[in-house]
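The values are calculated or read from the model by the stated rules, or taken from the named source; none is laboratory data. In this text, all values refer to a predicted model and were calculated from it rather than measured experimentally. Heads up, the Cβs are rebuilt from the backbone with ideal geometry, glycines too, and the neighbour counts pull from every protein chain shown. Accessible surface is based on the protein model in full, side chains and every heavy atom, while ligands, DNA and RNA are left aside. Shrake-Rupley method; radii C 1.70, N 1.55, O 1.52, S 1.80 Å.
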Amino acid sequence: MRHRIKRLDFNVAYACNLSCKGCISLSDFNRRGVESLKDIKDQCETWSKILDPSIISIFGGEPLMHPRIKQVLEIIRESWPNALIRLITNGYLLRKYDPEMWFTFGSLEMQVSIHRQDHEKIITDEIKKIVSRRKGWKAYRNIVEGHRQLELTNDKLTIYKSKFKTFVMPYKLENGELKPFNSDPKKAHSICGSPDTPILYRNKLYKCAPLPNILELDKGKHYKYKGTDANGDIATLVKNIDKPETVCAMCPDNQAHSVDHFNKENVHVKNID
């Protein structure tokens, strides 16, 4: 049985070229490495028979740090031919790739997030290089979940330039250790940035993106949640995707723990700063 879901995050890289305080992928803990192509192929072969997402978000870390990101996108497209693929990137590494490549994957969205106000021109210039390759773009400006966004749409590609000014930290840091907040799960879920998006991470499915990253660094000291493998109770996880659960108590239940990503002291860009 294939479970129809709205969106699936697919982690393909742990490393990031940014180090951001409060990052849900814990980029400020100097994460390293990417998923091998073999592991990505194996996961796609397994999970494409289980999950049928409308949108697959290519997640990190920074996906563009994957040295074979073109092949990664091709594998995912082959495995889920009808899904919209959304590449989540901070945009700094777009300079490494031929702009023509982004028009070759079918239905592709590129969400480019601005993490430093003073670096917006750097990212905008990279987007312009892609846009210059085609005519017929339509442009829209809107507000999505409180964040300003510019949408550029072509028949082959959609680019979102999003300004995510604040991020809610998904953990407390005490004496160098990650610790849960023990909040009210319903309140924490109500301010969650991804309240209905599970993530595929090292061949297991998790309720949300921060979970596997925190679990990997915590090593069982303070967090006990376990991911669900392909033979596990997928039906229950899918049923509860958009609902608060006990595990949601790990996150804060108010905005007091938000981090301003337009403050350059909170966002370090490697090889630039």
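Results, tabulated for the structure shown:
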item	result
Longest exposed-site-free window of the chain, the sites being trypsin sites (Lys or Arg not before Pro) in a DSSP loop that have at most 12 other C-beta atoms within 10 Å	50-134
Vicinal HN-Hα couplings computed from phi for segment 176-192 (Karplus, 6.51 cos²θ - 1.76 cosθ + 1.60; Hz; Gly/Pro x)	x, 10, 6, 9, x, 7, 6, 8, 6, x, 5, 5, 4, 5, 5, 10, 5
Fraction of beta bridges assigned by DSSP in segment 27-168 that are antiparallel (%, nearest 5)	45
Residues whose placed amide H lies under 5 Å from that of R86, excluding near-sequence neighbours	I56, S57, I58, E109
Proximal lysine pairs, segment 87-186, alpha carbons under 20 Å, eight or more residues apart or interchain	22
Ellipsoid equivalent to the chain - semi-axes via the Cα gyration tensor, in Å	28, 24, 17
Rg/Rh ratio calculated on Cα atoms of segment 19-88 (Kirkwood radius)	1.00
Amide proton proximity set for E62, modelled H, under 5 Å, gap of 5+	A15, C16, N17
Table column - 3J(HN,Hα) (Hz), segment 89-105, Karplus curve with 6.51, -1.76, 1.60, x for Gly and Pro	9, 8, x, 4, 8, 4, 4, 7, 10, 5, x, 5, 4, 6, 9, 10, 10
Surface accessible to a 1.4 Å probe, per residue, for the residues of the chain, Å²	49
Cut-off under 5 Å, modelled amide H: who pairs with D52 long-range	H3, R4, I5
For segment 108-264: Kirkwood Rh in Å [reciprocal of mean 1/r, alpha carbons]	17.9
Percent accessible area from carbon and sulfur atoms, segment 221-267, protein chains only, probe 1.4 Å	48
